[in-house]
1. Expected output is a single nm value to one decimal: the length gained when fully extending between residue 3 and residue 79, i.e. 0.36 nm times separation in residues minus the C-alpha distance. What is it?
2. Given the peptides 34-42, 18-26, 159-167, arrange them by the average over their residues of other C-beta atoms within 10 Å, most packed first.
Amino acid sequence: MADIQNLLLFIGLSWILIVTPGPDLIYVLTKGISTGKKAGLISAFGVTLGIFVHTIFAALGLSVILRTSALAFMIVKVVGAGYLIYLGIRTLINKDELDLNKEKQTSTRKIFTQGLLSNTLNPKVALFFMAFLPQFIKTDGTEISPVPFLVLGSVFALFTMLFLATLGYFSGAVGHYLKTKESVSKWIKNISGSIMVLLGIRLAFLHQK
């Protein structure tokens with residue numbers, strides 16, 4: 001019967017990984033600054049749901065397909081990389097994307113969906129879960145139950161939501177104060193868009209292990 005082990009170590013490593021800058025953090029930060037506190041929170045919830053999706057995939061063993069099938073891995077990688085690059089380029093070329101002096105009418109559904117897709121379409125997250133979670137699950141040599149995967153993945157998702165929701169809320173507050181600083185908003189737009197593009201390119205060159 002599978003069981004969870006070294007839970008405190010799992011929690012510590014999870015927080016280190018969560019606060020490390022990546023597509024999720026950049027997306028939430030960008031939405032919070034450009035669109036406000038509510039958008040920051042909604043984007044955090046979307047990203048977190050993406051983690052739950054990968055948790056379910058890992059629990060059901062579907063992530064193994066990405067690890068063993070070169071074609072499936074390539075398809076998901078290309079789609080995910082393309083989506084990140086698209087978001088980055090749109091941020092760079094769209095004058096209204098981070099125009100802090102204009103009220104945003106972006107729907108919460110769109111913000112939520114973008115956060116969900118940016119995470120779900122990233123095969124690196126699936127591979128991470130398949131490599132990371134089993135290290136904290138002990139077995140007696142029999143078939144592993146999906147329950148430990150669901151528990152650990154849910155804990156990781158909860159921590160992620162707490163961090164990103166806090167980040168989104170306070171980045172929204174920062175955006176409010178930056179409304180009169182056009183040069184700063186342009187700088188943030190260029191930096192955020194460039195990082196998204198670079199992360200997409202990096203994902204495109206990710207090798208299957």
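What follows is calculated from the coordinates using simple rules that are stated; it is not laboratory data. As the structure is a computational prediction, the values presented were derived from the model and not from experiment. All Cβ positions, even for glycine, are placed from backbone atoms using ideal geometry, and neighbour counts span all protein chains on display.
1. In short, 23.9 nm is gained.
2. Highest-to-lowest ranking by the protection proxy: 34-42, 159-167, 18-26.
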